[in-house]
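See below for the structure under consideration.
The values are calculated or read from the model by the stated rules, or taken from the named source; none is laboratory data. Since this is a predicted model, take the numbers as computed values, not measurements. All Cβ positions, glycine included, derive from the backbone under ideal geometry; neighbour counts span all protein chains shown.
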Amino acid sequence: MSELYPWLLPLWQEWQSNLQADRFSNAALLIAQEGMGSEQLVEHFSRAVMCQNYPAEACGFCHGCQLMESNSHPDYHIIKPEKEGKSITVEQIRQCNRIAQESSQLSGMRLFVIEPAEAMNESAANALLKTLEEPSATCLFLLVTHRASALLPTITSRCQQWSLSTPETQVITQWLSKAAQKNVPEYAAHLNNNAPLATLDFINQDKVSQYLAIESQLIAHCQNQADVTKLAKELASHPAESLHWLWYLLTDAQKVHFGLTQPFFTPGAAKLAKVMEYRKLYSQTQALAKLVEQFRLHSGLNAELLILDWLFNFNGETCS
């Protein structure tokens with residue numbers, strides 16, 4: 001089993017303490033943004049719970065640990081969408097509920113990991129409610145979510161909630177410099193919500209240069225010096241990512257207007273603040289947030305056309 005990432009250790013130690021004191025709820029919810037390596041935390045937890053020397057830490061030698069190593073433990077169940085991007089169905093949860101009512105095959109704990117929990121459709125979530133409300137003493141449910149707001153309040157209220165905190169930018173940058181074996185600009189972590197693994201991917205795929213090119217083009221566009229159609233086409237090629245980057249650029253530029261600066265701010269924030277007044281920055285940021293949500297909720301939209309419309313709204317008396 002791989003060593004835990006350093007930013008996972010505080011929460012893991014808290015979990016261990018609760019397991020040892022028998023304070024860990026039979027229904028728990030882990031809230032962790034993508035790119036934090038929460039899978040590693042879930043793996044450590046699962047192996048500890050399935051260990052026959054439970055609780056605290058997997059011994060690695062008992063029959064339970066050997067079964068976990070071979071991915072064949074009969075009391076360990078992962079419930080996830082059958083295909084990426086699909087829902088967790090009500091039938092999957094009903095099957096989970098049936099197993100939860102049966103006896104443990106190895107006379108120990110039974111563990112159900114539901115990930116991502118927000119993938120449950122409404123019928124599936126409702127089917128899980130009663131089981132979460134009255135779980136068996138030897139049953140543990142661990143729900144993992146990247147978007148807690150997408151869960152039914154009735155689900156979250158029945159779970160002991162744990163949040164995986166993002167580490168400080170400097171901590172990530174130091175870790176990344178070792179992992180990537182190169183200097184990592186602080187704004188790289190900033191652009192990735194301070195999620196270390198997402199930032200490492202950003203560095204390894206040379207997305208730094210992609211971001212800098214987009215940043216430069218947007219600022220040039222605000223000075224009427226860029227090919228707006230070309231920029232719209234580039235942004236539309238990967239809208240979820242590129243628009244997310246621009247949201248950080250725009251919000252950083254707004255902070256600059258108030259005299260705030262941080263070493264991890266996007267490099268073009270100060271320049272953008274010079275060429276665009278605060279009110280326009282604010283309104284365009286609000287419009288961008290709505291646009292991102294549109295793309296998230298609806299597939300098949302003409303991304304290039306919608307982004308082009310948003311870009312045109314930058315030009316006017318507020319741009320120099």
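Scan (1) modelled with pLDDT under 95; (2) hydrophobic (A, V, I, L, M, F, W, C); (3) assigned to a helix (DSSP H, G or I) for the single condition Trp247 breaks and write down its number.
The single condition Trp247 does not satisfy is (1).
Please determine whether any residue of the range 132-155 is in contact with a helix residue (DSSP H, G or I) (Cβ under 6 Å, 6 or more places away or on another chain), over 24 Å from Phe24 (Cβ atoms) and outside any loop (DSSP other than H, G, I, E, B).
Yes - at least one qualifying residue is present in the range 132-155.
If Thr166 satisfies every condition in (1) surrounded by 14 or more Cβ atoms within 10 Å (Cβ to Cβ); (2) modelled with pLDDT under 95; (3) over 19 Å from the mean Cα position of the chain (by Cα) but one, which is the exception?
The number of the failed condition is (3).
Residues are listed down the side, and each one gets a yes or a no for (1) over 29 Å from Glu168 (Cα atoms); (2) not in a helix (DSSP H, G or I):
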site: Ala253; (1), (2): no, no
site: Gly259; (1), (2): no, yes
site: Arg279; (1), (2): yes, no
site: Gln294; (1), (2): yes, no
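Scan Glu122, Glu118, Glu133 and give me the residue that is surrounded by fewer than 21 Cβ atoms within 10 Å (Cβ to Cβ), in contact with a Ser or Thr (Cβ under 7 Å, 6 or more places away or on another chain) and either farther than 30 Å from Ile307 by Cβ or modelled with pLDDT of 90 or more (or both). Reasoning before the result, please.
Values: Glu122 fails: in contact with a Ser or Thr (Cβ under 7 Å, 6 or more places away or on another chain); Glu133 fails: in contact with a Ser or Thr (Cβ under 7 Å, 6 or more places away or on another chain).
Just a single option satisfies the conditions, and that option is Glu118.
For the range 134-150, check the following and say yes or no: at least one residue is among the aromatic types (Phe, Trp, Tyr), more than 27 Å from the chain's Cα centre (by Cα) and assigned by TED's automatic domain parsing to the domain that holds Asn18. Walk me through how you get there before you give the answer.
So the first thing to find is which residues in the range 134-150 are among the aromatic types (Phe, Trp, Tyr), and the list is 141.
Then drop every residue that is not more than 27 Å from the chain's Cα centre (by Cα), which leaves none.
No; the residues of the range 134-150 include none that is among the aromatic types (Phe, Trp, Tyr), more than 27 Å from the chain's Cα centre (by Cα) and assigned by TED's automatic domain parsing to the domain that holds Asn18.
Any residue that is crowded, with 17+ Cβ neighbours inside 10 Å and part of a loop (DSSP other than H, G, I, E, B) - is there at least one of those in the range 9-25? Walk me through it before giving the result.
Narrowing the range 9-25 to residues crowded, with 17+ Cβ neighbours inside 10 Å: 11-12, 15-16, 19, 24-25.
Next, from what is left, pick out any that are part of a loop (DSSP other than H, G, I, E, B): 24-25.
Yes, because at least one residue in the range 9-25 is crowded, with 17+ Cβ neighbours inside 10 Å and part of a loop (DSSP other than H, G, I, E, B).
What's the total number of residues in the range 32-67 that are of a type in the set (Val, Ile, Thr) and surrounded by 21 or more Cβ atoms within 10 Å (Cβ to Cβ)? Can you show your working first?
Taking the range 32-67 first, the residues of a type in the set (Val, Ile, Thr) are 42, 49.
When the remaining residues are screened for being surrounded by 21 or more Cβ atoms within 10 Å (Cβ to Cβ), the result is 49.
Residues flagged as of a type in the set (Val, Ile, Thr) and surrounded by 21 or more Cβ atoms within 10 Å (Cβ to Cβ) within the range 32-67 amount to 1.
Within the set of pairs 6 or more residues apart or between chains, which connect a residue that is on the phi < 0 side of the Ramachandran plot and touching a residue at least 12 places away in the same chain (Cβ under 8 Å) inside the range 88-107 to a residue that is polar (S, T, N, Q) and surrounded by fewer than 16 Cβ atoms within 10 Å (Cβ to Cβ) with Cβ atoms less than 6 Å apart?
Partner pairs satisfying both residue conditions: Val90/Ser123; Ser104/Thr138.
Name the residue that is farthest from Glu215 (Cα to Cα), counting only residues in the range 263-275 that are modelled with pLDDT of 95 or more and not in a helix (DSSP H, G or I).
Looking at residues that are modelled with pLDDT of 95 or more and not in a helix (DSSP H, G or I), I get Phe265.
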